[in-house]
1. Around residue 35, which amide H atoms from residues at least 5 apart in sequence, or from another chain, sit under 5 Å from its own amide H, with H modelled in the peptide plane?
2. Karplus couplings for the stretch 22-38 from phi (6.51 cos²θ - 1.76 cosθ + 1.60, θ = phi - 60°), rounded to Hz, Gly and Pro as x?
3. I'd like the projected area of the stretch 8-85, averaged over all directions, using the convex hull of its alpha carbons. Report it in nm² with one decimal.
4. Could you sort 19-26, 6-13, 45-52 so that the peptide with the highest average Cβ count within 10 Å comes first and the rest follow in order?
5. Of the peptides 30-37, 68-75, 56-63, how do they stack up when ordered by the mean number of other Cβ atoms within 10 Å, highest first?
6. Using a ≥ b ≥ c from the Cα gyration tensor of the stretch 17-57 (square roots of the eigenvalues), is it rounded, prolate or oblate, where a/c under 1.5 gives rounded and otherwise the larger of a/b and b/c decides, a/b for prolate?
7. Show the residues, 5+ positions off or on another chain, whose built amide H is closer than 5 Å to the amide H of residue 56.
8. Would you mind computing, in nm to one decimal, how far apart the modelled labels at residue 55 and residue 28 are, each placed 7 Å from Cα along Cα→Cβ?
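What follows draws every value from the coordinates through simple rules; no lab data is involved. Only a predicted model underlies this, so the values are computations on that prediction, with no experimental measurement involved. Don't worry about glycine lacking a Cβ; one is built from the backbone with ideal geometry, like all the others, and counts go over all protein chains shown.
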Amino acid sequence: MARSPIPADIADAFGEALVLLVQWEGGADEPVAILDGRSMKIAMIFELVADRAFRDEVPRSMLELLRTYAARDAERQKEIAVLALRPHTRSRRGVC
């Protein structure tokens, strides 16, 4: 089965969730982002995107945000290194 492109509303929620993740200091309640008019924990949005495996690649700007987040912790740096190994191609819409 062919993978579909990520819908704009999910791409927008993913981008918002990513920014919230990088800004989050931890310890407080998990941040929420809006998807379809509902507040969702950012982990739920990340899981939604990961589970659906859209064909679009993560834009370079989002990868840079992930690298910023990963730089705070050695374990996360190992995990983000996997993304750096994948070639980046510009998505058709320029979003996730």
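1. 40
2. 5, 7, 5, 8, x, x, 8, 4, 4, x, 10, 10, 9, 9, 6, x, 10
3. Projected area, direction-averaged: 5.5 nm².
4. The densest-packed peptide leads the list: 6-13, 45-52, 19-26.
5. Sorting 30-37, 68-75, 56-63 by mean packing, highest first, produces 56-63, 30-37, 68-75.
6. prolate
7. 6
8. 4.0
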